[in-house]
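**Student:** First the structure, which I've put down as structure tokens, then a few questions once you've had a look.
Read-outs: derived from the displayed coordinates by stated rules, not from any lab. In this text, all values refer to a predicted model and were calculated from it rather than measured experimentally. Note: ideal-geometry Cβ built from the backbone for every residue, glycine included; neighbour counts use all protein chains shown.
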Amino acid sequence: MAYAGRSGEARQAASRTISARPAGIVAAGLTVGLLIGVGVALLFAPQNGAESRRALRRGVRRVRRRSRDAWDDLRYELRYARRKLGRVRRRRLSAVEEAAEDAGVSADH
């Protein structure tokens, strides 16, 4: 019988090793790529240094403002979800207590 490659267990172990790469390595690669891209863009920019720095500062302020807005939106959504979940929980607890009373069972917490 001919060799058909790795056994199922060996294949699964290899796939776990490959897919279990730390996120830090990916983040570092993206950061390095971003920095190289920014450097190349600045080298080939049709503006002089002062204009490029001004445009870069503007872009940073815009990103900072948008990210702050996104975090504020997320905070609002999470607060809303927490309040809604609390209302649902209280409503269900009341329904259980009421059903227990109807059945004549004590529903002490």
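**Student:** Looking at segment 52-68 only, could you name the residues that are more than 19 Å from Leu35 (Cα to Cα) and of a type outside the set (S, T, N, Q)?
**Tutor:** Listed by number, the residues that qualify are Arg65, Arg66, Arg68.
**Student:** Just a yes or no: is a residue in segment 33-51 surrounded by fewer than 10 Cβ atoms within 10 Å (Cβ to Cβ), aromatic (Phe, Trp, Tyr) and either touching a residue at least 60 places away in the same chain (Cβ under 8 Å) or out of contact with any helix residue (DSSP H, G or I) (no Cβ under 6 Å at 6 or more places or on another chain) (or both)?
**Tutor:** Yes, segment 33-51 has at least one match.
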